[in-house]
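Comments concern the structure below.
The values are calculated or read from the model by the stated rules, or taken from the named source; none is laboratory data. These numbers come from a predicted model, not from an experiment. Cβ placement follows ideal geometry from the backbone for every residue including glycine, while neighbour counts extend to all protein chains displayed.
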Amino acid sequence: MANRFFEGAAHAAAYAKFRPQTPASVVDRICSFLKEKYEGSLRAAADVGCGSGQSTQILSPHFTSVTGLDVSPAQTSEAIKLNTKPNVSFVTSSAEKLPFSNNSLQLITASQACHWFDLPVFYKEVDRVLVPDVYK
């Protein structure tokens, strides 16, 4: 992420308490669409700008592995503390340099975070890490 906000532990705890949850129906629809367009198995997803992890954990029933990323160590620490899903992990990372190999993810989400990103750089990273031809 280009800007570093929401850094303190107290802020991360408040963020975890008051940030709205992503509705399950939205995630179900996204994954249903993905399954219509992608013939492979849904192995890996990333939630960029995950904050305290609400929008990350909700992806867990649909993927073998889900990684939440946030530029703030306080946010990822809070997400790790609150995580209840064994297939979900959290990493401190910017949106502009994703820690994934080429063509390794079937989905990238960014709930309520893209306005902090350097979008042209982020989009290049998305092109690099997404499995090619997912959305035929």
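Is there a residue being within 22 Å of residue 37 (Cβ to Cβ), of a type in the set (A, V, I, L, M, F, W, C) and touching a residue at least 40 places away in the same chain (Cβ under 8 Å) anywhere in segment 89-99? Taking every residue of segment 89-99 in turn, at least one turns out to be within 22 Å of residue 37 (Cβ to Cβ), of a type in the set (A, V, I, L, M, F, W, C) and touching a residue at least 40 places away in the same chain (Cβ under 8 Å). Quick one: in segment 67-95, which of the residues that are among the charged types (D, E, K, R) and surrounded by fewer than 23 Cβ atoms within 10 Å (Cβ to Cβ) is nearest to the chain's Cα centre (by Cα)? The residue in question is 85.
For segment 57-75, the candidate set comprises residues that are modelled with pLDDT of 95 or more and among the hydroxyl-bearing types (Ser, Thr, Tyr); within that set, the residue that is nearest to residue 31 (Cα to Cα) is 60.
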